[in-house]
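Just below is one structure, and these are the notes that go with it.
The values are calculated or read from the model by the stated rules, or taken from the named source; none is laboratory data. Quick caveat, the model's predicted, so the values are computed rather than measured. Note that each Cβ is placed from the backbone with ideal geometry, even for glycine, and that neighbours are counted across all protein chains shown. Accessible surface areas use protein heavy atoms only, side chains included; no ligands, DNA or RNA. Shrake-Rupley method; radii C 1.70, N 1.55, O 1.52, S 1.80 Å.
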Amino acid sequence: MEKRVSKVLSDQLELPIIAAPMFLVSSPQMVIESCKSGIIGSFPLLNARTSEILEEWMKEICHELSVAKLNEANHKVGPWAVNLIVHSSNKRYREDLELVKKYQPPIVITSLGDPSLVTDVVHGYGGLVFSDVIDLKYARKAVQKGVDGLILVCSGAGGHSGVINQNAFISSVREFWDGIIVLAGSISNGNDILAAEVLGADLVYMGTRFIAATESLAGADYKEMLVDSTFEDIIYTDVFSGVKANYLIPSIKKAGIDPDQLPDRKSIDFSEMNKSKVKAWKNIWSAGHGVTTIKNVQPIAEIIAELKQSYSESLDSLLKTKGHSTF
Ligand SMILES: Cc1cc2nc3c(=O)[nH]c(=O)nc-3n(C[C@H](O)[C@H](O)[C@H](O)COP(=O)(O)O)c2cc1C
């Protein structure tokens, strides 16, 4: 991890994890608890319904993390991050960027567009900009725009997942990029984190693993569905948001739709769909293939403690079995 992640960043982390931003799921409490447990906590800025609410959230996060740094001098407190949609569809883009400038989250994650304006602002206060990408074309573009990190969203990820295999994506990107790589897609336990590091990732991005956290904004029925589901309950479709994403089949059934008879997107009358309250993220719920590992609803601190334990067991076991092996 020391190689590419700046020393300042790795010194603040217990594990190389970003709790990924999730629309209608990530809360300020998730961010605070993640950072207090020594990983990077993040949230999409649009989870705060207005810029006024967003400012309150940012103030609270800054306050809680500075108190934690004072009171818990023996523990690492991870940096916080925000996710900014850099697209004309985001009407709050400029307004929210002003708040980024004011509260200076150490990491800003951009999605869906040209990150240039964001890099100007964030580099201006010494922060880092990471862009999430699902293919090589966007990875190259983001590098040209001066980002510090690439988040490779591979197959099986929650939300707007990519389709590229992790091994293929990371090795292809490493041919032209020596900066920070964050690997995403069904990373759920210590083995997965270690495997990502072996592949050459500096950090991992974990979304689905945290949806059922006690502190998340997801409703009790969504959390219960995650506990009951496996990756066989996931469908990859563009029907609900216009962009391909992974969704929980039981939530589609719950909304009265037959997942085996999903219409062709072009033939859908969206006004009708909204009328019947079928909305991606709100009641058509997303999760990645890693959903199989979710066994119960737990506080963030407990999930991260389990990840630490499983990471250290995986490392020990690897060293024991491979430490003396010649192949
Ligand atoms: C419910 C849900 C909502 C998401 N919302 C966002 C979002 O608002 N912005 C974003 O960049 N990514 C979003 N994502 C994608 C995650 O940030 C991340 O890429 C993904 O969860 C990683 O894969 P994993 O779920 O297999 O760990 C979302 C994912 C989920 C499951």
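Let's see how each residue does on (1) acidic (Asp, Glu); (2) closer than 18 Å to Val204 by Cβ; (3) more than 16 Å from the ligand (Cβ to nearest atom):
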| residue | (1), (2), (3) |
| --- | --- |
| Ser27 | no, no, no |
| Val31 | no, yes, no |
| Ser34 | no, yes, no |
| Ser37 | no, yes, yes |
| Asn47 | no, no, no |
| Trp57 | no, no, no |
| His63 | no, no, yes |
| Val67 | no, no, yes |
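So is Lys308 under 14 Å from Lys223 (Cα atoms) and away from the ligand (no atom under 11 Å from the Cβ) or not?
no
Go through the residues of the range 73-83 one by one and say whether even a single one is more than 28 Å from Gly185 (Cβ to Cβ), away from the ligand (no atom under 16 Å from the Cβ) and β-branched (Val, Ile, Thr).
No, the conditions are met nowhere in the range 73-83.
Of all the residues that make up the range 118-134, how many are more than 14 Å from the ligand (Cβ to nearest atom) and either of a type outside the set (Gly, Ala, Ser) or on the phi > 0 side of the Ramachandran plot (or both)?
8
Provide a single number: the residues in the range 280-322 that are in contact with a helix residue (DSSP H, G or I) (Cβ under 8 Å, 6 or more places away or on another chain), open to solvent by 70 Å² or more (accessible area, probe 1.4 Å) and in a loop (DSSP other than H, G, I, E, B).
Going through the range 280-322 one residue at a time, the tally reaches 3.
Is it the case that Leu117 is within 21 Å of Gly179 (Cβ to Cβ) and more than 19 Å from the chain's Cα centre (by Cα)?
Considered against the rule, which asks whether it is within 21 Å of Gly179 (Cβ to Cβ) and more than 19 Å from the chain's Cα centre (by Cα), Leu117 comes out as yes.
Can you find even one residue in the range 192-204 that is among the acidic types (Asp, Glu) and in contact with a strand residue (DSSP E or B) (Cβ under 6 Å, 6 or more places away or on another chain)?
Checking the range 192-204: at least one residue is among the acidic types (Asp, Glu) and in contact with a strand residue (DSSP E or B) (Cβ under 6 Å, 6 or more places away or on another chain).
Considering (1) hydrophobic (A, V, I, L, M, F, W, C); (2) more than 9 Å from the ligand (Cβ to nearest atom); (3) under 25 Å from Ile39 (Cα atoms), say which one Phe231 fails and leave the rest.
(3)
Looking at Tyr222, Tyr236 in this structure, which one is farther than 18 Å from Ile151 by Cβ and in contact with a Phe, Trp or Tyr (Cβ under 6 Å, 6 or more places away or on another chain)?
Result of the check over Tyr222, Tyr236: Tyr222.
With Ser89, Ser131 as the choices, which residue is at pLDDT below 95 and of a type outside the set (Val, Ile, Thr)?
Ser89
When you look at Leu70, is it over 21 Å from Ala20 (Cα atoms) and at pLDDT below 95, yes or no?
yes
List, please: which pairs have Cβ atoms under 6 Å, are six or more places apart or on different chains, and start with a residue in the range 73-84 that is touching a residue at least 40 places away in the same chain (Cβ under 8 Å) and end with one that is among the acidic types (Asp, Glu)?
Lys76/Glu14
I need a count of the residues in the range 229-243 that are surrounded by 15 or more Cβ atoms within 10 Å (Cβ to Cβ), out of contact with any helix residue (DSSP H, G or I) (no Cβ under 7 Å at 6 or more places or on another chain) and part of a loop (DSSP other than H, G, I, E, B).
2
So, in the range 213-228, of the ones that are among the hydrophobic types (A, V, I, L, M, F, W, C) and closer than 12 Å to Thr292 by Cα, which residue ends up surrounded by the most Cβ atoms within 10 Å (Cβ to Cβ)?
Leu226
Looking only at the range 197-223, how many residues end up being in contact with a Pro (Cβ under 6 Å, 6 or more places away or on another chain) and among the basic types (Lys, Arg)?
0
Looking at the range 112-141, I want the residues that are closer than 21 Å to Ser89 by Cα and have a partner that is open to solvent by 70 Å² or more (accessible area, probe 1.4 Å) with Cβ atoms under 7 Å, at least 6 apart or on another chain. Which pairs are those?
Between residues of the range 112-141 that are closer than 21 Å to Ser89 by Cα and residues that are open to solvent by 70 Å² or more (accessible area, probe 1.4 Å), the close pairs are Leu112/His87; Gly113/His87; Asp114/Lys145; Pro115/Lys145; Ser116/Lys145; Thr119/Lys145; Val121/Lys101.
Go through the range 27-140 and tell me which helices (runs of 4 or more DSSP H), entirely inside it, have 2 or more residues that are touching a Lys or Arg at 6+ places or on another chain (Cβ under 8 Å), open to solvent by 30 Å² or more (accessible area, probe 1.4 Å) and among the small types (Gly, Ala, Ser).
116-124
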